[in-house]
Amino acid sequence: MTTPDAGGTAAVPPAGATPHAPKTGPHRAGPRKSVTGTRRTIAVLFLLPALVLLGALVLYPIGYSVGRSFFDKAGDFSGFDNYETMFSDDGIRTAVKNNAIWLVAAPALTTALGLIFAVLTERVRWGTAFKLVIFMPMVISMLAAGIIFRLVYESDPDRGVANALWVGVHDTFAESSGFPQGHPGARSPLEGAGGGAFITKEPVRAGEPVVLPLTGVPPDLMPDDAASAKPAAAEPGKVTGTAWQDFTRGKGRGQVNAPDAAEFGYPGIKIEAVKDGEVVASTKAASDGTFTLPEEADGALLRYPADNFREPYNGVDWLGPTLITPAIIGSYIWMWAGFAMVLIAAGLASVPRELLEAARVDGANEWQVFRRVTVPLLAPVLAVVVVTLMINVMKIFDLVFVIPPGSSKDEANVLAVQLYNSAFGDRDAGVASAIAVLLFLLVIPVMLFNLRRMRREGRR
Amino acid sequence: MAATAAVSALVLGLGACGGDDSDDKGNGKDGGGGKESAATVQLPKLDGEKVSVAAVWGGSERKVFLEVLDEFEKRTGAEVSFVPAQDPIISFLESKVAGGQPPDVAMLPQVGAIEQAVANKWAKPVGPEAQKELDKNYAQGWQKLGAVDGKQYGVYFKAANKSLVWYNTAVFDNAGVEEPKTWDEFMQTAQTVYDSGVTPLSVAGAEAWTLTDWFENIYLSQAGPQKYDQLAKHEIKWTDPSVEKALTTLGGLFGKKGFIADNALQTEFPASVKQTFTGGDQPKAGMVFEGDMVSLSISETKAKVGTDAKVFPFPAVGDGPPAVVGGDAAVALKDSKGAQALLTYFASPDAARIWAQAGGFVSPNKGLDLKAYPNDVQRGIADDLIKAGDDIRYDMSDQAPQSFGGTPGKGEWKALQDFLKNPKNVAGTQRTLEDAAAKAYKKS
C-alpha cells in the first residue's frame, strides 16, 4: 500500500520527507544524483522494463480503445456516433441502470454481512471453522458459482433449492387443493363464474338428478379414495347429483355429460347451492361422486367454489425478468461475503481490547459497544472492503453471463456483458470501445478515492 | 468394376496400416455397405491428393461424417482430413483464409453463411460433374438454396426438417386422439389432451429459436411462400396484416390457459423434449414441436422413437402444411480437383446412404432409397421433405441479419419471448419486431 509513496520519494525528493536532505544534498554532488545517491540514468534504466510493460499492456490499449471508439464497425471515422448509439440503445441503458443497482446494493450488503459474520465469529467457540465455511465459496470460480446458482434458482421446486424452500414454507400455511386444473369440457352444463369457480347454467330442481361433469384433473393428483362414478338416484324433496371426471382414459369423453363406470368421482369436492348470490346450502361429494343437497337448494344454481381448483404453488420466478438482478446479486453476496469477513476480522483483531473493555466498564451494552466503538475503529478497513468490492462489481461479468436464461438476459444486462456482446456478438468494435471508455470513466472516481485514501494512510 | 474393387481393397489395406481402432471399425462397416449397393457415381482417381473438410460437427455426428469421408478416400485414393470448426463457422473460416490455409471444402450450416462466403469471394462455384449429380438428385428448391445470384455454390448434404410435432404415444392413447392434419384439428387434439389431465404442449421458451420456428411454420402455411420470402428479405414490414394474422393464431395457442407447460420461458430445448417423454402416463406435456433433432434429445430418455415417441407433420394452418427446412451445405473454398470430387460425392446418393443408415440424418437427396433409413419415423420425415419438393422454405430467422434473427435477448428472439409471456399483445409485438428489423436490415 505504500508503494506509490516510496516511488514518489525516489523520483522527486519531497520537501518534508527528510529534513536533512536539503542541507546535505548540495554538499555531496551535482544535480544528477538523487537522495539515495543513484544516478538518474541508472534509475531510468531500472525503471525502463516496468515502464515499457506498463505502456504496452495498459497505456497503449487504453489509448487505442479511446481512439477506436470514434470509428465505426468497418473502421471509418464516425465522430461521436458510437456514443450516441450507446446512449440511445435500450439494451445499453438497461446495462447502465443495472450497473448502478449493483454498485449500490452489492458492496453495501456484502460488507454488512461480512461485518456481522466477523463480529459474531469472534465470539463463537468454533469461530475458525465457521469462518472457513463462509470463506469457502471464494475458492470456487465465478463461472462455476454461476452454474450452481442457475440450478439453485431453477423454478421447478423439485430441482431448484430456493423454490423448494419457498414452496415448503408456503405449503405449510396454504395447502394446494385436490383438483387442480379441473375445468368444464365442451358442451358442459357448467360455465365459468369468475375467479376460477364454475356454476351451472340452469337452476336445479329437487327430484331431478344433476350432472356436474368436469375434466382435466391429472389422474396422479386425484384423491386416492376416488371410486367409479355413479349416476345419482332421484330423491323427492332433495337435490341429488354426481360430481365426477367426465373423461375415460383411452376413450376420450366417453358418453358426454353422463358418468361411465370407467370414470372416477370427485370425493370431497365442495358444492354450493347459490340463490341470488347467497349460498343457501353446501355439501361435499362422496367417493363415487354422488352428493345430496337439502330442499333449500331447489331452484338454485350449483357452484364449484374456486378453492377446489387451487393450483399447486410453484414458488417464485427467481430467474424471471423482474427478480433476475436481485437474484444474481444474491449469488454474488454468497461468494464475496467470506472475503469481506476475512478482511474485517483481521481489522477486528487489531482493535485495542482496552477500548472495548473501557466502554463496557463505563456501562455500555453490547450494541452500543459495537455501534459506537467497534464500527468507528473499523471504518478504514470497511472503506477498503467497500471500495475493493465496488471496483470488483463495476466489471462484473461471469455471473451475469451465466445465470440468466435467454428470456431474461436483456433485463440482467450489465456493461461488461454488453461490451462482450457488442464486440463478439455484433462484431462492432466501435460501440464496444465506447462502452469500455464509459466503464473506464466510471471507475476513475472510485480509483481516485482509493488513491487519496492510500496517500492519507501513508502519511499517517 | 473389378478394377475399382482392386483399388478399394488396396486402399483398405493402406488405411488399415495407419488407422486407429475407430478407423478400422468404420472401414469394416463401409466395406459391407459398399458391397451391397453398387456405386452410382463415378469419381476421379486422386491418389496422393490431400483434401481438407471443415465442419462444426462433434460427437456422434462427427464420427458418422468421418465414415462418409472414409468411403470417399477408399474410392478415390485421396487423403481426406477433417478440420474441426467452431460456431460461427464464418468467423472460423475468416481466420483460416486470413492465415492462407482455407480448407478445400466447408460445411456451412446457414444460407446466410453461403452468401457471406460468396460475398467475401472465398467460395468457388460447383463444377460440371457435381452439377450433373445435383440435377439428377436434387429438387430445384434445394438447388436454389445453395445458389447465389444464379450461380451454384452449395451442395446440401444434410437437411433438417423443422416442420414436425413430436408426441408421446401414451398421452395420445390415453386421450383417445389421432394425429391432427389441420390447425383446427390440432387445437381440438390439444383440448382433448388437456381434458385428459395432461398439459398438451411443451415450449422451449428459454431458447427463442424454437419460437421463431413456431412463427415461421404458421406464417409459411398461412400467408404462403411468396409472402414468406418477402418477409424474410424485409420487403414487407412486420406490421403487415399477414403477420398480425399469424401472431394471432400463435397467440391463440400460447395464451390458452393450461395449454403450455409451466415455466416455458425458462425451459431449455433439451428439457422441453425430456419433460414430454419422461413421467410415464403423466408427463409434463404431451407434445413438443421442433425439427428432427428432437430425436437426439429423446435418445437421452428411456422413450423409444417409433413406439413411445412419434411424429406428425406440422398441421396446415392455411392451404397446405408448411415445410420449413434447414441444412448443411458443402461449399468448395479452393479450386482443387479434390474439392470438386468431394462435392460430386456429397451430391450422390452413395454419400447420403452411409449417414442415413447410421441414423439421426435426413437427406434432401431424392435419389436416395428411403429403405436406407433405420426406422419408420426417420423414413417418414425424409419422405415429407422430398415430397415437399420446391415448396420448401429455409428457416427465416437464419436468413435474417444475426442481430435480428439470432442474438439472445435481442430482436426477433426477445420480441417472441415477450410475446410468449403476453400472447395478447399482437400489435405491440409487431411494432417491436418492425423496429428491430428496420435497424438490423439497415445496418447489414
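The values are calculated or read from the model by the stated rules, or taken from the named source; none is laboratory data. Here the structure is a predicted model, which means the values were calculated and not measured. Methodologically, a virtual Cβ is constructed for each residue, glycine included, from the backbone with ideal geometry; neighbour enumeration extends over all protein chains shown.
Taking the stretch B:204-223, which residues are under 21 Å from the mean Cα position of the chain (by Cα), more than 10 Å from every other protein chain (Cβ to nearest Cβ) and either under 23 Å from A:Ala186 (Cα atoms) or of a type outside the set (Ser, Thr, Tyr) (or both)?
Residues satisfying the conditions are B:Asp213, B:Trp214, B:Phe215, B:Glu216, B:Asn217, B:Ile218, B:Leu220.
For B:Trp413, work out the one condition from (1) part of a helix (DSSP H, G or I); (2) free of Cβ contacts under 8 Å to residues at least 12 places away in the same chain; (3) within 14 Å of chain A (Cβ to nearest Cβ); (4) of a type outside the set (Ser, Thr, Tyr) it doesn't fulfil.
For B:Trp413, the exception is condition (2).
I'd like to check something: does the stretch B:368-389 contain any residue that is within 14 Å of another protein chain (Cβ to nearest Cβ), farther than 26 Å from B:Val68 by Cα, touching a residue at least 40 places away in the same chain (Cβ under 8 Å) and of a type in the set (Gly, Ala, Ser)?
No; the residues of the stretch B:368-389 include none that is within 14 Å of another protein chain (Cβ to nearest Cβ), farther than 26 Å from B:Val68 by Cα, touching a residue at least 40 places away in the same chain (Cβ under 8 Å) and of a type in the set (Gly, Ala, Ser).
Can you work out which of the residues in the stretch B:178-203 that are at the interface with chain A (Cβ under 10 Å from one of its Cβ atoms) and in a helix (DSSP H, G or I) is farthest from B:Lys274 (Cα to Cα)?
Among residues in the stretch B:178-203 that are at the interface with chain A (Cβ under 10 Å from one of its Cβ atoms) and in a helix (DSSP H, G or I), the one farthest from B:Lys274 (Cα to Cα) is B:Gln188.
If I filter the stretch B:154-194 down to residues being in contact with a Pro (Cβ under 8 Å, 6 or more places away or on another chain) and charged (D, E, K, R), which single residue comes out as surrounded by the most Cβ atoms within 10 Å (Cβ to Cβ)?
Among residues in the stretch B:154-194 that are in contact with a Pro (Cβ under 8 Å, 6 or more places away or on another chain) and charged (D, E, K, R), the one surrounded by the most Cβ atoms within 10 Å (Cβ to Cβ) is B:Glu185.
If only one of A:Ala416, A:Ala412 is more than 11 Å from every other protein chain (Cβ to nearest Cβ) and among the small types (Gly, Ala, Ser), which one is it?
A:Ala416
With the requirement that a residue be of a type in the set (Asp, Glu) and over 17 Å from B:Leu108 (Cα atoms), what does the stretch B:326-357 give you?
Scanning the stretch B:326-357 gives B:Asp335, B:Asp350.
For the stretch A:97-207, give me every one of the helices (runs of 4 or more DSSP H) that falls completely inside it and has 1 or more residues that are within 14 Å of chain B (Cβ to nearest Cβ).
Output list reads A:142-152, A:161-173.
Please verify whether the stretch B:157-179 includes one or more residues that are more than 26 Å from A:Ala186 (Cα to Cα) and either of a type in the set (D, E, K, R) or more than 19 Å from the chain's Cα centre (by Cα) (or both).
Checking the stretch B:157-179: at least one residue is more than 26 Å from A:Ala186 (Cα to Cα) and either of a type in the set (D, E, K, R) or more than 19 Å from the chain's Cα centre (by Cα) (or both).
Show the residue pairs that are 6+ apart or on different chains and have beta-carbon atoms under 6 Å apart, the first residue being within the stretch B:208-220 and assigned to a helix (DSSP H, G or I), the second being surrounded by fewer than 24 Cβ atoms within 10 Å (Cβ to Cβ) and β-branched (Val, Ile, Thr).
Short answer, once both residue conditions are applied: B:Ile218/B:Thr249; B:Ile218/B:Val317.
If B:Lys421 satisfies all but one of (1) at pLDDT 90 or above; (2) out of contact with any strand residue (DSSP E or B) (no Cβ under 8 Å at 6 or more places or on another chain); (3) surrounded by 18 or more Cβ atoms within 10 Å (Cβ to Cβ), what's the number of the condition it fails?
Condition (3) is where B:Lys421 drops out.
Output yes when any residue across the stretch A:213-226 is away from every other protein chain (no Cβ under 14 Å) and either charged (D, E, K, R) or part of a strand (DSSP E or B) (or both), and no when none is.
For the stretch A:213-226, residues away from every other protein chain (no Cβ under 14 Å) and either charged (D, E, K, R) or part of a strand (DSSP E or B) (or both): present.
Give the residues of the stretch A:390-408 that are more than 14 Å from every other protein chain (Cβ to nearest Cβ) and in contact with a Gly (Cβ under 9 Å, 6 or more places away or on another chain), sorted by residue number.
Answer for the stretch A:390-408, where residues must be more than 14 Å from every other protein chain (Cβ to nearest Cβ) and in contact with a Gly (Cβ under 9 Å, 6 or more places away or on another chain): A:Asp398, A:Leu399.
When the residues of the stretch A:227-249 are narrowed to those that are assigned to a loop (DSSP other than H, G, I, E, B) and within 14 Å of chain B (Cβ to nearest Cβ), which ends up farthest from A:Val280 (Cα to Cα)?
My answer is A:Arg249.
With respect to B:Ala341, determine if the residue is part of a helix (DSSP H, G or I), assigned by TED's automatic domain parsing to the domain that holds B:Gln143 and farther than 23 Å from B:Leu220 by Cβ.
yes
Hey, among B:Phe254, B:Phe289, which residue is at pLDDT 90 or above, aromatic (Phe, Trp, Tyr) and in contact with a Pro (Cβ under 6 Å, 6 or more places away or on another chain)?
Among B:Phe254, B:Phe289, only B:Phe254 is at pLDDT 90 or above, aromatic (Phe, Trp, Tyr) and in contact with a Pro (Cβ under 6 Å, 6 or more places away or on another chain).
Select from the stretch B:211-258 the residues that are in contact with a Gly (Cβ under 8 Å, 6 or more places away or on another chain) and over 24 Å from B:Gly409 (Cα atoms) and list them in ascending order.
Within the stretch B:211-258, B:Ser221, B:Gln222, B:Ala223, B:Gly224, B:Gly258 qualify.
Check B:Phe361 against each of (1) of a type in the set (A, V, I, L, M, F, W, C); (2) away from chain A (no Cβ under 14 Å); (3) crowded, with 22+ Cβ neighbours inside 10 Å; (4) out of contact with any Lys or Arg (no Cβ under 7 Å at 6 or more places or on another chain) and name the one condition it does not meet.
Answer for B:Phe361: the failing condition is (4).
Please pick out the residue among A:Gly55, A:Gly63, A:Gly7 that is modelled with pLDDT under 90, part of a helix (DSSP H, G or I) and either surrounded by 11 or more Cβ atoms within 10 Å (Cβ to Cβ) or assigned by TED's automatic domain parsing to the domain that holds A:Ala423 (or both).
One residue alone meets the criteria, A:Gly7.
Please note which helices (runs of 4 or more DSSP H) are completely contained in the stretch B:48-124 and include at least 2 residues that are loosely packed, with under 15 Cβ neighbours inside 10 Å, on the phi < 0 side of the Ramachandran plot and out of contact with any helix residue (DSSP H, G or I) (no Cβ under 7 Å at 6 or more places or on another chain).
Ranges flagged: B:59-76, B:89-98.
Kindly establish whether A:Gly265 is within 16 Å of B:Ser196 (Cα to Cα), within 14 Å of chain B (Cβ to nearest Cβ) and not hydrophobic (A, V, I, L, M, F, W, C).
No: the conditions fail for A:Gly265.
For the stretch B:296-325, which positions are surrounded by 22 or more Cβ atoms within 10 Å (Cβ to Cβ) and within 21 Å of B:Met107 (Cβ to Cβ)?
Within the stretch B:296-325, B:Val324, B:Val325 qualify.
Hey, could you check the stretch A:282-320 for residues that are assigned to a strand (DSSP E or B) and free of Cβ contacts under 8 Å to residues at least 40 places away in the same chain and say which is surrounded by the most Cβ atoms within 10 Å (Cβ to Cβ)?
The qualifying residue surrounded by the most Cβ atoms within 10 Å (Cβ to Cβ) is A:Thr283.
Test of understanding: among A:Thr248, A:Thr242, which residue is crowded, with 18+ Cβ neighbours inside 10 Å, more than 43 Å from the chain's Cα centre (by Cα), closer than 21 Å to B:Gln191 by Cα and of a type in the set (Val, Ile, Thr)?
After ruling out the rest, the residue left standing is A:Thr248.
Among residues belonging to the stretch B:242-262 that are within 14 Å of chain A (Cβ to nearest Cβ) and not in a helix (DSSP H, G or I), point out the one that is surrounded by the fewest Cβ atoms within 10 Å (Cβ to Cβ).
This residue is B:Lys257.
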